[in-house]
Amino acid sequence: MVARGFGIIDSRIRTVSRIYGFLRSRRLAVWLIVLFIIYVAIGSIVPQGDPGSSAVSTWVAGHPILAAIAIPLGLNHAYSTPFFLLLLAVLMLSTGACAWERTRRVWLRTRRDVASTKRVADRLRDKPTFVIPVEKLGASDVASAFKSLRMRTTPGDEITEARSGRLGTLGSPIFHWSLVLLFLFVGLGQLTRSEGLMGVVSGSSKPDVEASYGVLTTGPLHGAMSGRLIAVTGIERSFSANGLTQGPTPFIELRDADGTLLKADYAYSNHPLRYRSTFIHMNADGLAAVVSVGSAGSMGQSEVLIDYAAESPTGVQPTMVAFSNAQGVPIADVVFDLPPSAENTVAVAVRYAPVGGLTGPDAREVVLTPGGSVALSGDVVLRIDRLTSYARLSVVDDWSVAYIYISFGLALLGLMLALFVSPRTLWVTRVETESGAALHVLVRHARGDAAFPTRTENAFRASVDSEGA
Amino acid sequence: MTATVEILLMWATVTAYALSAALFVVSIIFKQDTISRIALGMTCAGVIPHVAAIVGRWVRIGHGPYIGFYEVVSSYALIGVVIFIALALARKPFRAFGVALMPMAFLALGGAMLASKTEVAITPNLASYWLVVHVAFAKLSYGSFITATGLAIVHILRLSRREVKGDGFFASLTPESLDDLTAKFVSAGFVFLGIMIAAGAIWANEAWGRYWAWDPIETWSLVSWLVYAVVLHLRRTMGWVGKRFAWITIAALPVLLFALIGVVIVYESIHGAYLLIGG
């Protein structure tokens, strides 16, 4: 029973060891990167989006043969397909295994260095990297050779040791661990972030809740929206910053649900309002109408946002609004639009009809200025109270951004250490033989500096020659 | 500096680079050290009007050379040539590198001269310090990779003449030193390209609220970075040194050039404006 239990454990250890061996393989790493390159290059050919979106449908119409392959494969959502996510997961595991392997090696090397004095002495005597016969060589000559190689020396009783670039050994582990962190933060960030567009009328506010957004994308693990209030106190039409006119610029206030001011600032290009993990960018501006609808004595007020450009993202309420009477029975559909004449900037075009009749013969159209009204049905009246503008704000909640920057920064630091700081060690001793004295030199260096042994030999020979001269 | 003076300076540069390229080829064919010296002098003579034209335009229009094919490619050519001059002055044998780089610089600059030279004012979206970092490191990385490719070409030429003795300045240019230097430039380019991508991501987050959107040029910058990651991986962990390393370094360049020029022509991208404005 016990033996069988150990057998199962052994078998599991072997399996884990095999998987680890597979994942840490350098060949696997290279092939995974190549596969990633090929996949994202193919993915870049296909516009990303739903098949119904204008970019994808235009591409499908222009490339029917390619589209017949790409769309069924889901390449219009190339960077969220199960295959791509699996590829990323394996790449992350492979990077993690490589990071672990490299860390283990650095650790083993450090331990070996501590306990290697005798082995170094043996190798120096029996198998040095090179030998320089010398008649007479003082410690100062060795020191000058080390100096020319820019190495720090530690003189010993018999062996002189010199090292440089010790930090270089940490480069590769730091790089690979940072990449693992980068994968993790990007992945977790995508799972928990939210990003949406909301239109806020100048002089009013909206809470950060799902209903306030025209478009909202949330990760599957995103919790509840913050509920904070996002207020646009005003929109300056010609705001200047950094010596440039920024165009319509909203002044935004971010308040806690209890009204406490958290942050207030202008939002313009390259200058979002930022509070902890929340970024609020100015996306666009548009015309807004504050309207009242109802019968005499029971008018209800609401805000209608009008997108200027039809092709721009719908970050606002639809411009078609269904109005109901006091009993809640739908009575009319109304479309609010820009006035037909561009010069008439203080008016709004209103197209209205009984429910479902906007495209039929009963549809009517009027241009209303503030204070103007139109009877929608019976005694129900639509009145334009005022025309103003709104700011379409991009609101992003993503805690991972700072951690992604830090991970990538660390990865670059590790990369620089690995690529440009080559760890080098030299051991030198004087050996007396029957044929005379000789300098035995043992060189150890990283792969990044293959010419180091030759350079070392040249430096020592130069020292000896200068001594001879 | 007026636009006319700038154009005249640029044509003077193109002429100098063309002559320099021709002289470097002649110096290699006829193994004439003197001709290579003249070619290097011609290169230096070409850099002076090149720098003057770029600085003059910068001062006149108020932003660095990063909007439009003309500005972008001209500045890349300048970085490549300046790196070459620095190498050639530091070590005489590296003059041989001119035979690979100067024709590339001449063709790039000639192509840039045929593109539109429309002057585009900086827009609020482009007014970011991160853009300056992004562009500066883009130029450094492209300059490094182009230099690495030039060195790899010279390395392969040198290997084909390994047995030839007294071969002009080729003789003192050992394949090992060329291999080492190529690797150093690939490494530097890789780090610079990484910083460029990071700065671009930070800028995108500041400008649009997202650090990565799989925009074609973002994707191809990542592809370029990963291609060079493979190149370095093959060298450092799988022992691809010498001729094999030189060949993969050369093979990687077209991917980089496609990311720079091809993507904005082939794809619709928010980045397209930087290269195609006025074109």
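Throughout, read-outs are computed from the coordinates displayed, never taken from laboratory work. Predicted model, so just to flag it, every value in this text is computed and none were measured. All Cβ positions, glycine included, derive from the backbone under ideal geometry; neighbour counts span all protein chains shown.
In table form, for the structure just shown:
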| quantity | calculated |
| --- | --- |
| Reciprocal mean inverse distance between Cα atoms of segment B:1-112 - Kirkwood radius, Å | 14.0 |
| Helix-only mean residue ellipticity at 222 nm for chain A, each DSSP H run of n ≥ 4 adding -39500 (n - 2.57), per residue, nearest 500 | -12500 deg cm²/dmol |
| Mean separation of Cα contacts under 8 Å, 6 or more apart, over the residue count of chain B: relative contact order % | 21 |
| Average projection area in nm² (convex hull over Cα atoms of segment B:126-279, one quarter of hull surface) | 10.6 |
| C-alpha long axis of helix A:452-468 to longest principal axis of chain A, angle in ° | 40 |
| Cross-link partners of A:LYS147 among lysines (Cα-Cα below 20 Å; sequence separation of 8 or more within a chain) | A:LYS136 |
| Cα-based helix-to-principal-axis angle, B:175-208 vs chain B, degrees rounded to 10 | 0 |
| Cα centroid separation, segment B:60-136 to segment A:46-85 (Å) | 36 |
| Kirkwood hydrodynamic radius over Cα pairs of segment A:333-443, then Stokes diffusion coefficient at 25 °C and 0.890 mPa s, in µm²/s | 111 |
| Per-residue average of Cβ from other chains inside 10 Å of A:415-425 | 3 |
| Residue mean of other protein chain beta carbons inside 10 Å, B:188-194 | 3 |
| Radius of gyration and maximum dimension Dmax of segment A:390-430, Cα, Å | 21.8, 84 |
| Separation of alpha-carbon centers, segment A:224-292 and segment A:394-449, rounded to whole Å | 47 |
| Peptide B:210-216 - average C-beta neighbours from other chains (10 Å radius) | 5 |
| Relative contact order (%) - criterion: Cα under 8 Å, at least six apart; region: segment B:1-142 | 29 |
| Sum of -39500 (n - 2.57) over DSSP H runs of 4+, divided by residues of chain B (222 nm, nearest 500) | -26000 deg cm²/dmol |
| Alpha-carbon Rg with Dmax, taken over chain B, Å | 19.1, 61 |
| Hydrodynamic radius (Kirkwood) for segment A:1-152, which is based on Cα pairs only, to one decimal in Å | 21.9 |
| Over segment B:212-255: Kirkwood hydrodynamic radius from C-alpha pairwise inverse distances, Å | 11.1 |
| Count of Lys pairs (Cα-Cα under 17 Å; at least 8 positions apart or interchain) in chain B | 4 |
| Scattering profile of segment A:159-277 at q = 0.14 Å⁻¹ [log10 I(q)/I(0), Debye over alpha-carbon scatterers] | -0.76 |
| Relative contact order, percent, chain A [alpha-carbon distance under 8 Å, six or more residues apart] | 19 |
| Positive-end residue, the protein assembly as shown charge dipole about Cα centroid, Cβ charges, pick of A:THR15, B:HIS50, B:ALA251 | A:THR15 |
| Viscosity 1.002 mPa s, 20 °C: Kirkwood-radius Stokes-Einstein D of chain A over Cα pairs, µm²/s | 73 |
| Three-way shape label, segment B:77-135, alpha-carbon gyration tensor, a/c 1.5 | oblate |
| Relative packing of A:57-68, B:137-148, which averages over residues the other C-beta atoms within 10 Å, highest first | B:137-148, A:57-68 |
| P(r) of segment A:1-74 over all Cα-Cα pairs, binned every 10 Å from zero, in whole percent | 16, 25, 16, 17, 14, 9, 3 |
